[in-house]
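The values are calculated or read from the model by the stated rules, or taken from the named source; none is laboratory data. Keep in mind that this is a model prediction, so the values were computed, not measured. Cβ sites come from the backbone with ideal geometry, for glycine too, and all protein chains shown count toward neighbours. The protein model used for the area step is the full one, side chains on, heavy atoms only, and it has no ligands, DNA or RNA in it. Shrake-Rupley method; radii C 1.70, N 1.55, O 1.52, S 1.80 Å.
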Amino acid sequence: MQAVDVFRRLSSKRSSKKGKKLIGETAGYVSTSLFVLSNDVKMLRSALWCSGGGVKEYEKAPFHSPFEGTINLSMTAKEAISSQPPSHKGFLTIFQDESGLGAWNRRWCSVQDNKIYYWLYPEDEVNQNKQPHGEIDLRNCKTETVSIASRLDCARPNTFVLVIMQAAQPGDRASIITESNGKTTQTKYLLSADSREERKQWMEVLNKCLQSVISWNH
């Protein structure tokens, strides 16, 4: 940028007037930078998703600022959390469709990267040759807060519900847990923990995942 080049030349002249060497001119000697913070622009999450790329004004620039005109930036953003990502492992009993009939299947489940992966046995998770038996992508979760399943949904104790909605895929069909209209497919997962305490732990971890997902999708 022309403004930056001008500022660099000015900084170079100021450094030479003070008798200081520029970086790289003398081995082992580093000059003091004359660059100072002129101003800053705050980028809010809401601006990242607005149409037109989210134009931000460089406001309250001081009179001596070397910048003028327009600075174009190309940016990408992705979901990230500063703390350790929520994770949890243990057995859950999942209500699944089997040949048109409902069946409760006990599975070893692991929450990783906002997904619930499940296997038949715990040792299958550490076996690199064993792919997950299935997965539930929380990024497509329609449920904003995980809660206990109502008696109308399920009378089994310590059961909670997750409703997943995603774009319809070839081969999607309606079942006792799935609805598809050709454009979207919605699946209602009933997951049952072994005890009241384990159910609370699962719900707490899953709600943390959903909070992160929802904050980036809205």
Selection count, segment 122-152, where residues are under 23 Å from Glu197 (Cβ atoms) and open to solvent by 70 Å² or more (accessible area, probe 1.4 Å): 3
Boolean, Gly182 is open to solvent by 30 Å² or more (accessible area, probe 1.4 Å), in a loop (DSSP other than H, G, I, E, B) and touching a residue at least 12 places away in the same chain (Cβ under 8 Å): yes
Pairs with Cβ under 6 Å, 6+ apart, first in segment 107-128 and without any contact (Cβ under 8 Å) to a residue 40 or more places away in the chain and polar (S, T, N, Q), second open to solvent by less than 50 Å² (accessible area, probe 1.4 Å) and part of a strand (DSSP E or B): Ser110/Tyr117
Given (1) closer than 15 Å to Leu191 by Cα; (2) of a type outside the set (Phe, Trp, Tyr); (3) buried (at least 18 other Cβ atoms within 10 Å of the Cβ), number of the condition Asn114 does not satisfy: (1)
Residue within segment 164-187 that is under 15 Å from Gly90 (Cβ atoms) and hydrophobic (A, V, I, L, M, F, W, C) present: no
Scope segment 193-204; condition touching a residue at least 60 places away in the same chain (Cβ under 8 Å) and either in contact with a helix residue (DSSP H, G or I) (Cβ under 8 Å, 6 or more places away or on another chain) or surrounded by fewer than 19 Cβ atoms within 10 Å (Cβ to Cβ) (or both); matching residues: Ala193, Asp194, Glu198, Gln201
First in segment 151-179 and touching a residue at least 24 places away in the same chain (Cβ under 8 Å), second anywhere and of a type in the set (Lys, Arg) and in a loop (DSSP other than H, G, I, E, B), Cβ under 6 Å, 6 or more apart: Val163/Lys142; Met165/Lys142
